[in-house]
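Some notes on the structure that comes next.
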Amino acid sequence: MLARAALLRCPSCGGNGILRHWFKMSDACPTCGLTLDRGESSDFWLGAYALNLVVAELITVIAIVVRIVSAWPDVPWTAVQWVAVILAGGMPLLFFPFARTVWLAFDLGIRRSEPGDVRR
């Protein structure tokens, strides 16, 4: 399920088309009919937002530390600062749909779909 979600596909069936655009998911999977909201309205996605922030900022910190260590002792501090700002702002936007689909896969792994979760 996590591999399908990482490819921005339905974690349940692997079907394509669950994203309307980069920041908006469809209401249901067009292939299997799985309801993508999972019943908690906007509260369901709080975990995806937290996952997105933690992963994106962790990657940012790792990239900055690698750059500093690789350039030590002559670190271009101004360039490092600008890259850090750009990555800190851009990475959460880049990973947003991935965080949502991975969070959905994680939730489906913990709490299997029920008959009311599928639209026909």
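The values are calculated or read from the model by the stated rules, or taken from the named source; none is laboratory data. Note that this is a predicted model, so its numbers are computed, not measured. Counting neighbours? That spans all protein chains shown, and the Cβs are built from the backbone with ideal geometry, glycine included. To get the accessible areas, we keep the full protein, side chains included, count just its heavy atoms, and leave off ligands, DNA and RNA. Shrake-Rupley method; radii C 1.70, N 1.55, O 1.52, S 1.80 Å.
Annotations for the structure displayed:
- Filter pass, residue 45 being surrounded by 13 or more Cβ atoms within 10 Å (Cβ to Cβ) and either of a type in the set (S, T, N, Q) or in contact (Cβ under 8 Å) with a residue 40 or more places away in the chain (or both): yes
- Every residue from segment 1-42 that is charged (D, E, K, R), assigned to a loop (DSSP other than H, G, I, E, B) and either within 14 Å of residue 105 (Cβ to Cβ) or in contact (Cβ under 8 Å) with a residue 24 or more places away in the chain (or both): 9, 27, 38
- Filtered residues of segment 56-81 (kept if among the β-branched types (Val, Ile, Thr), open to solvent by 60 Å² or more (accessible area, probe 1.4 Å) and within 24 Å of residue 93 (Cβ to Cβ)): 59, 61, 62, 65, 66, 78
- Scanning segment 1-48 for residues that are of a type in the set (Ser, Thr, Tyr) and touching a helix residue (DSSP H, G or I) at 6+ places or on another chain (Cβ under 8 Å) gives 12, 35.
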